[in-house]
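Asker: Shown below is the structure under consideration.
Where a number appears in this text, it was derived from the coordinates with a stated rule and is not lab data. These figures come from a predicted structure and were not determined experimentally. Don't worry about glycine lacking a Cβ; one is built from the backbone with ideal geometry, like all the others, and counts go over all protein chains shown.
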Amino acid sequence: MKLIQKIFTSMTILLILLLAGSNAWALFGGKFKTLKPKDGNLYIPIKTVNDGNAHYFKTTADDGTTVDFFLVQSGDGVIRAAIDSCDVCYRSGKGYVQEGNDMVCTNCGRRFAIDRINEVQGGCNPAPLARVMDSENLVISMKDINSNAWYCKFK
């Protein structure tokens, strides 16, 4: 009987993880790296995000909202930044996952080309996040984080 219970428990956990899909990271708290502002900005070393993979971060806006965002380097070498939400699906709090050269909304399934991030906004597109680069870092102003915090109030 104990063996059957262990198998059932294992299968239930596996099913939950499969259903959670790309959100499985969220169950374990490992997807988002927490950043603390310094002098009104967030600093992310370029060498840690220039590999073509989506990198997820979170910080706290002035109003206390946890703001989730991601950085991803597109095929043309540009490091793109966006809030992990959009104008349409933000209430779901589900965000995006990377599949090849696309970011995919985990709420509605719409695919968005990575090389269009920061160029197209509105609808179910990742909400653009302004950024600049210095010699070593990608820099995001907390003013931009604060003005985009509304996207993350439902998480």
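Asker: Please report 85, 74 as a ranked list, fewest other C-beta atoms within 10 angstrom at the top and most at the bottom.
Answerer: Fewest-to-most ranking of 85, 74: 74, 85.
Asker: Further question on the same structure: Across 5 Å bins from 0, what is the distribution of all Cα-Cα pair distances for the stretch 68-153, in whole percents?
Answerer: Calculated P(r), rounded to whole percents: 3, 16, 28, 25, 17, 8, 2, 0.
Asker: Okay, moving on. I'd like to know which of 140, 43, 59 lies farthest towards the positive end of the charge dipole of the stretch 41-155, counting +1 on Cβ of Lys and Arg and -1 on Cβ of Asp and Glu.
Answerer: 59
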